[in-house]
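The values are calculated or read from the model by the stated rules, or taken from the named source; none is laboratory data. Just so we're clear, the structure is a prediction, and the values are computed from it rather than from any experiment. So basically every Cβ, Gly included, is an ideal-geometry build from the backbone, and we count neighbours across all protein chains shown. These accessible areas exclude ligands, DNA and RNA; they are computed on the full protein's heavy atoms, side chains included. Shrake-Rupley method; radii C 1.70, N 1.55, O 1.52, S 1.80 Å.
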Amino acid sequence: MSNATGELTVACYVRPTQLLEPIDAHVETLKRCEREGHVDALLVRAWPDEVSLSGSVTSDETLATFRRFSRWAEREGVSVCPPFERLTLISEITDERREVLRTPLMCLAVYVDDRLGAVFPHTDGERTHGVTEATATLRAGDLPPRVADVVPSEPDAVGTCPGCTREVVSGQGVFACPDCRWTATVAPGGRYRDALELRTAPAMRVDRPLD
C-alpha cells in the first residue's frame, strides 16, 4: 500500500486488562493486515483505564496522546469525546473530587508517512466511525474514512509538525515538536523519515502473548 499512498502505520492502543473478544480479534485482524501488506507497520501500545487530570501532571504519555488526537479532531471538525470521557470522581469517604480522563477500550491512530490521518473511534455529528469499520476497511485493502484524503507529506527539513502543525525544533539531526512530543529524523530531500514518537513509545505488557 505504501507505493500509492505513502507509508501506512497503524498505532493500536488498548487496555491490557481488556484483551478479550472482540478486542483480541481486532488486534489479530490488524496483525494479519500487516502480514499481507495492507499496513506497512503495526504498533500495539498499552494505556491505563484512566489518567488523572487533577494536579500539575502535564507530561503523561496518555494525556499527550489524547491532546494529539483532540487537535486532529478539531482540525477535521469531528470529536473523540466520546470515546474519551472526562469524569469527576468523588470519594465516598472524604468527599474529595478528582478529575480523570477515561480511555477507550481500544483506539486506532492511522498515519500516512508519519502524518496523523485519522483516529478511530470518532464522531462526525451524524455517526460514529469505529474500530470495527476501520479494521474491516484495512482488511479489504482499502483506506478508512479521512485517511484517503491525506496527501503523503513532504515538509521542509525545518518546518511544521505533521501531527499538530506547530513549528518543530532541531538538534543533532533530530527534529521535535515541543507541543505533542512528535520526533523524527529527516531523509535527503527534506522528508521526515522516522517518527520516533511512535517507534519508541513504551512496549505493551500483557499477561499472555498476542500471537
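A few comments on the model shown:
- For SER70 and SER54, the difference between the fully extended length at 0.36 nm per residue and the C-alpha to C-alpha distance is 3.9 nm.
- Point-to-point label distance, THR88-ARG139, nm (Cα→Cβ direction, 7 Å offset): 4.2 nm
- FRET E, pair THR128, THR17, Förster distance 41 Å, beta-carbon r, rounded to 0.05: 0.95
- Surrounding net charge for ALA140, when Lys and Arg each add one and Asp and Glu each subtract one, Cβ distance under 13 Å: -1
- Annotation: amide H-H contacts under 5 Å for ALA118 (H modelled 1.01 Å from N, sequence separation of 5 or more, or interchain): VAL110.
- Heavy atoms of LEU42: accessible area, 1.4 Å probe, square angstrom to 10: 30 Å²
- Rolling a 1.4 Å probe over the protein chains gives ARG98 an accessible area of about 90 Å².
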